[in-house]
Amino acid sequence: MNYNIMRKTRKTFLCKFLVTCIAALSFAACSDKIDDSDLYVFKGESAYSYCAETEGLQKFAYLCSRVHLSGKSKSTVSELLSARGNYTVFAPSDDAIQSYLDSINNTPNFDITLTSDSIAEYIVRNSIIDNGQTEAYLSTQFTVGTLGYPNMNNRYIQIDFGVDSINGRTLILVNGKSRIITSDEEVSNGIVHSLDRIIDMSNSSLPDLISQTENLRIFSRMLELTGWADSIVAYIDEDYEEYHVEEGSIDPGNTSGGEVGPSPEHRFFGFTVFPETDSVYVAQWGIPEPQLVNGIVQNWEEIESAFIEKCKQAYPLATDPDLTSQGNAVNQFISYHLLPFSCTWKNLVVHHSEMGYAFNNPNTLSINCWEYYEAMGSPRRLLKFTEGRTTEGKRINRYSTYDNGFYGTYEEITVPRPGILVSQSNGKYSNNAINGFYYPINEVLIYDNEVPNTVLNERMRYDFASICPDLMTNGLRQVEDNTWRFIPSGYLKNWWYTEDTYWRYVPYHSEVQHNMQGDEINIIGQYDLTFRLPPVPYEGTYELRICAPQIQHFGMFQVYLGTDRLNPTPIGLPLDFRIASSNPNIGWEPDVDDVEINREIDKRMRNHGYMKNNKHGGIPAAGSTVTASLRSASGDYIRLRKILWSGTMKPDEEYFVRIKSVLNNTRTCCMLDYFEIVPRTVYAGEEVEDPW
């Protein structure tokens, strides 16, 4: 693994997961040292002084003065909360802290000054979010699900809403149990909310958390028997902790000095699981209900026999009797419930700049959006997630028809397959493990024949960030700021690039960039990179397309494609992002009111290997409602689609795309926004492909 600090190969450390509370708390999300110039510069109260001077929050302030930013730092959290910044503080009340300390120490009125360092860190780090360049969270911004930034313990805080049984008022619940008592206390460096309980977060690995959950006994048992429990325990890349550079540069040897930016502080591993509850198996599959004696299931043999038989019916070609083999039916059933990255609730389906949506009002959805993620295990399979105004939640493998004509609205017309509903929580049980999340589903999830042949028999559009599991696990995709991150070589699974390749992720969250989800990936330098494509659903003929901007300072590169990562085949001539869209070799012209004329322009462009941008994505409106589509962009913001290749693809084959600069100028950029994998049934079917 290469982290761009030494030109030598290092052995990748893949840890067998071992978590203790102290180890989990040792990775602080903030700088180890506070800049003295940032301290005590406020005319008003800081977050720390507010807590220290407010009756009922002083025990939290005391613990903040005890906790250091890291084992190597002399600076304390109290100093951090006295400095400039944007901090969201969920401060447990004095009663909440005392109750917790009494409970874990089994001592009434436990002396807070005797609190161990590890317990003080646990309470404090779970309570504070550093919002970076964006404003701290007001309660009016809360929506159901995880907040966009992690806390100081690198964990995501979840928000729920309830109703007070006494007065009927709405309650805001933090991580399902802690109720906000007072909210939105504005201080000079953020917002303070007070809680009636500490934020208690599980330090269990994902399979351990599932095994502790009383309504997931059957899924947990099968997760263990198939061996997949051992495959979703990894937590952190220890090599990266020791050897990564803190800042990356874009071509530092350039005479202009290059650009310098932060690299990720950690490289965590994570996973996401979509389990059925026991009641779903009992109701839909007729699996015997677990019979308990003193909390121990007595009828596992009966349950396992019935479960194995149902899996054989669902996957008749998976005939290997060994449950740990990926050729086994139960094994294939379980692996289709697993994703190889940790995904917050919000990012399961990204909403940012689709038509009719305003990200400043995230509770009001518009047209359907979708994400395609590759499940773990073999054979290679996709899960499709859909969410919009009419889906009534996030759905797995939903199939709809749309009003998708040129003047259509992209509203759903029919829904032959509603899809499986995903729940963002599991009631009283925690679903937030130290290395990922699980989200219960309301139906048995099977990769049946209809999934590849109907659900996925469509144009599959991917934001490039969605095929970067490490971006999602480490909270870098769709961060709510505009700070780009340098991603060193070796950080991203399924991406390979040379030391002369400078890879950066740019969120552009609140800027008006004409990109599919607001974000983009910039590749600069004498770049030479390769990435793995997600699988196709069935064997057939497909087109591979890439979003192609037309900007003068962008670059020119050769594209390669093949099943041999180290030796893919060149496809077509080098692609030049500097050519204006109006060039006769492209043939772009703006849309007019006559559909037939627009279709003629589309045909002419397609003959040159290009297409106009899509109508589904819109021109960002800085958080306001999106009203103009990407297809309607003009001037310097035109994005096209370039048809790179068409040919036969198979679902079990791995395909790799290589992009290599053909210019000597290392300051030119290859911008990666989105790509499409499109079956022939769509681009050469009975009907003209829709513009959405």
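The values are calculated or read from the model by the stated rules, or taken from the named source; none is laboratory data. All figures in this text were calculated on a predicted structure; none of them were measured in a lab. Note that each Cβ is placed from the backbone with ideal geometry, even for glycine, and that neighbours are counted across all protein chains shown. The area values use the complete protein model at the heavy-atom level, side chains included, leaving out ligands, DNA and RNA. Shrake-Rupley method; radii C 1.70, N 1.55, O 1.52, S 1.80 Å.
So here's what we get for this one:
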quantity	calculated
Pair list, Cβ under 6 Å, 6 or more apart: the range 399-416 residue over 15 Å from L365 (Cβ atoms) and free of Cβ contacts under 8 Å to residues at least 40 places away in the same chain, other residue hydrophobic (A, V, I, L, M, F, W, C) and open to solvent by 60 Å² or more (accessible area, probe 1.4 Å)	T401/I413; D403/I413
Pair list, Cβ < 8 Å and 6+ apart or interchain, from the range 321-350 residues that are under 28 Å from G393 (Cα atoms) to residues that are assigned to a helix (DSSP H, G or I) and among the acidic types (D, E)	F341/D470
Flag for L445 being out of contact with any Ser or Thr (no Cβ under 8 Å at 6 or more places or on another chain), open to solvent by 20 Å² or more (accessible area, probe 1.4 Å) and either modelled with pLDDT of 95 or more or within 30 Å of D690 (Cα to Cα) (or both)	no
Cβ pairs under 8 Å, 6+ apart, first in the range 232-248 and at pLDDT below 90, second open to solvent by less than 20 Å² (accessible area, probe 1.4 Å) and among the acidic types (D, E)	none
Criterion violated by I586 - all others in (1) among the hydrophobic types (A, V, I, L, M, F, W, C); (2) over 25 Å from E354 (Cβ atoms); (3) open to solvent by 40 Å² or more (accessible area, probe 1.4 Å); (4) assigned to a loop (DSSP other than H, G, I, E, B) satisfied	(3)
Filtered residue count, the range 589-615, keeping only those that are in a loop (DSSP other than H, G, I, E, B), of a type outside the set (D, E), in contact (Cβ under 8 Å) with a residue 24 or more places away in the chain and open to solvent by less than 70 Å² (accessible area, probe 1.4 Å)	4
Some residue of the range 157-170 being within 28 Å of T272 (Cα to Cα) and either basic (K, R) or in a loop (DSSP other than H, G, I, E, B) (or both)	yes
Subset tally (residues that are under 26 Å from A580 (Cβ atoms) and either touching a His at 6+ places or on another chain (Cβ under 9 Å) or touching a residue at least 60 places away in the same chain (Cβ under 8 Å) (or both)) for the range 530-559	16
Residues located in the range 281-313, provided they are in contact with an Asp or Glu (Cβ under 7 Å, 6 or more places away or on another chain) and either touching a residue at least 40 places away in the same chain (Cβ under 8 Å) or surrounded by 22 or more Cβ atoms within 10 Å (Cβ to Cβ) (or both)	Q284, P290
Looking only at the range 155-203, and only at residues there that are free of Cβ contacts under 8 Å to residues at least 24 places away in the same chain and of a type in the set (S, T, Y), the one that is farthest from S342 (Cα to Cα)	S165
Selection status of V451, β-branched (V, I, T), within 26 Å of D208 (Cβ to Cβ) and in contact (Cβ under 8 Å) with a residue 60 or more places away in the chain	no
Members of the range 449-466 that are assigned to a helix (DSSP H, G or I) and among the hydroxyl-bearing types (S, T, Y)	T454, S466
Selection from the range 85-124 of residues that are part of a loop (DSSP other than H, G, I, E, B), out of contact with any helix residue (DSSP H, G or I) (no Cβ under 6 Å at 6 or more places or on another chain) and open to solvent by 40 Å² or more (accessible area, probe 1.4 Å)	N106, T107, N109, D111, S116
Breaking point among (1) at pLDDT 95 or above; (2) more than 18 Å from N86 (Cβ to Cβ); (3) in a strand (DSSP E or B), for D184	(2)
